[in-house]
1. Of all residues in the range 169-217, which are of a type in the set (A, V, I, L, M, F, W, C) and assigned to a loop (DSSP other than H, G, I, E, B)?
2. I need the helices (runs of 4 or more DSSP H) fully contained in the range 1-85, keeping only those with at least 1 residues that are more than 26 Å from Thr282 (Cα to Cα) and free of Cβ contacts under 8 Å to residues at least 40 places away in the same chain.
3. Scan the range 109-156 residue by residue and report those that are of a type in the set (A, V, I, L, M, F, W, C) and more than 20 Å from Leu213 (Cα to Cα).
4. Would you say Gln262 is surrounded by fewer than 18 Cβ atoms within 10 Å (Cβ to Cβ) and at pLDDT below 95?
5. Under 7 Å between Cβ atoms, at least 6 apart or on separate chains: pull out the pairs that start in the range 173-185 with a residue that is aromatic (Phe, Trp, Tyr) and end on any residue that is assigned to a helix (DSSP H, G or I) and surrounded by 17 or more Cβ atoms within 10 Å (Cβ to Cβ).
6. Going by the conditions given, is Asp162 outside any loop (DSSP other than H, G, I, E, B), among the acidic types (Asp, Glu) and modelled with pLDDT of 95 or more?
7. For the structure I just gave you, tell me whether Val222 is of a type in the set (Val, Ile, Thr) and either part of a loop (DSSP other than H, G, I, E, B) or modelled with pLDDT under 95 (or both).
Amino acid sequence: MSKDIMLLSSVPTFMMNDLQQEYVLHDHAHILDPEAFTKVTAFVGVGSTSKVDRKLLSMFPNVKMISIFGVGYDGIDVAAAQEKGVKVTHTPDVLTDDVADLAMGLILSIGRRIPQSDKFVRNGDWVSEPYTMTHKVTGTRLGLVGFGRIGQAIAKRAAAFDMTIAYTGRRAKTNAPFRYYPTASELAANSDYLVVAVPGGNETKNMINAQVLKALGPKGIVINIARGSVIDQTALIQALKDKSIAGAGLDVFWDEPNIDPQFFKLHNVVLTPHNGSNTHETRRAMADLALANLKAFFDEQPLLTLIPECQ
């Protein structure tokens with residue numbers, strides 16, 4: 001089998017170095033070899049930045065595997081891939097802790113206004129006036145929109161803050177010791193912090209809409225470490241402007257890295273650059289798993305971490 005692979009997006013340098021030692025690489029934006037269209041048997045790319053539709057798959061008739069560096073794969077037309085017998089893998093589990101850590105960091109950052117406090121000190125404002133009071137985090141109510149690996153890891157951390165935990169999802173989990181609400185609106189109405197931890201894609205697009213934000217209320221805070229598409233961004237900006245919610249902690253956005261400049265003028269939001277899994281340790285582990293899936297494919301061995309639809 002040809003070891004020609006196509007890069008769907010840029011990958012970390014250390015992963016690129018490993019790929020170059022084992023495979024013949026082709027860049028989707030600059031295919032120099034006309035025979036690449038028939039030589040390439042696998043695609044490699046990073047998370048939601050990797051786009052694979054039916055048309056692209058038709059251009060590469062011998063592709064049988066897509067290795068995604070990341071847990072999200074909403075840029076892949078999974079139905080089209082399945083029709084062509086293309087297997088898709090991703091890198092779950094290895095990034096769970098980092099994303100859950102950041103979710104708690106955002107809760108603390110916006111709840112206690114840590115970045116705003118830092119700016120207050122740096123600007124010398126403390127000399128002339130005391131900083132405004134913030135809100136307690138310990139003992140508050142946490143609502144998790146999604147209770148998969150990451151949602152459960154967030155719940156574990158929140159329990160150490162004595163938070164009352166509830167969740168929503170497609171169905172209640174029989175082994176979960178927390179209250180289940182059938183809709184995001186009901187959960188929001190009973191939460192101080194509403195953390196979004198569901199996959200992206202059409203099924204969850206704008207799941208957190210104006211109605212959910214209204215239910216969260218003027219004392220509520222929304223945290224998004226999932227995908228920008230899950231929150232109706234127009235409704236969110238309006239809610240932040242009107243202070244119909246207390247604030248937001250956002251790691252993901254609609255058109256990242258092109259952030260709506262309206263966010264920059266708001267003092268009740270904390271922004272991070274899709275930083276959930278961005279640690280040296282986890283990115284290395286993600287690369288290792290993506291590479292292991294590739295190796296398994298070329299060695300004609302079972303793939304390690306198929307996406308659920310391909311299992």
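1. If the condition is that a residue be of a type in the set (A, V, I, L, M, F, W, C) and assigned to a loop (DSSP other than H, G, I, E, B), then Ala172, Ala176, Phe178, Ala197, Val198, Met207 are the ones that fit.
2. Ranges flagged: 36-39, 54-59, 78-83.
3. Within the range 109-156, Ile114, Phe120, Val121, Trp126, Val127, Met133, Ile150, Ala153, Ile154, Ala155 meet the criteria.
4. No; evaluated as a whole, the condition is false for this residue.
5. What qualifies is Phe178/Ala155; Tyr181/Leu187.
6. Against the criterion (outside any loop (DSSP other than H, G, I, E, B), among the acidic types (Asp, Glu) and modelled with pLDDT of 95 or more), Asp162 does not qualify.
7. no
Rundown of residues vs (1) aliphatic (A, V, I, L, M); (2) over 30 Å from Ser117 (Cβ atoms); (3) modelled with pLDDT under 95, yes/no style:
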residue	(1), (2), (3)
Leu266	yes, no, no
Thr279	no, no, no
Ala285	yes, yes, no
Asp288	no, yes, no
Lys295	no, yes, no
Phe298	no, yes, no
Pro302	no, yes, no
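The values are calculated or read from the model by the stated rules, or taken from the named source; none is laboratory data. None of these values were measured; they are calculated from a predicted model. Because the Cβ atoms are built from the backbone with ideal geometry, glycine has one as well, and the counts that use them run over all protein chains shown.
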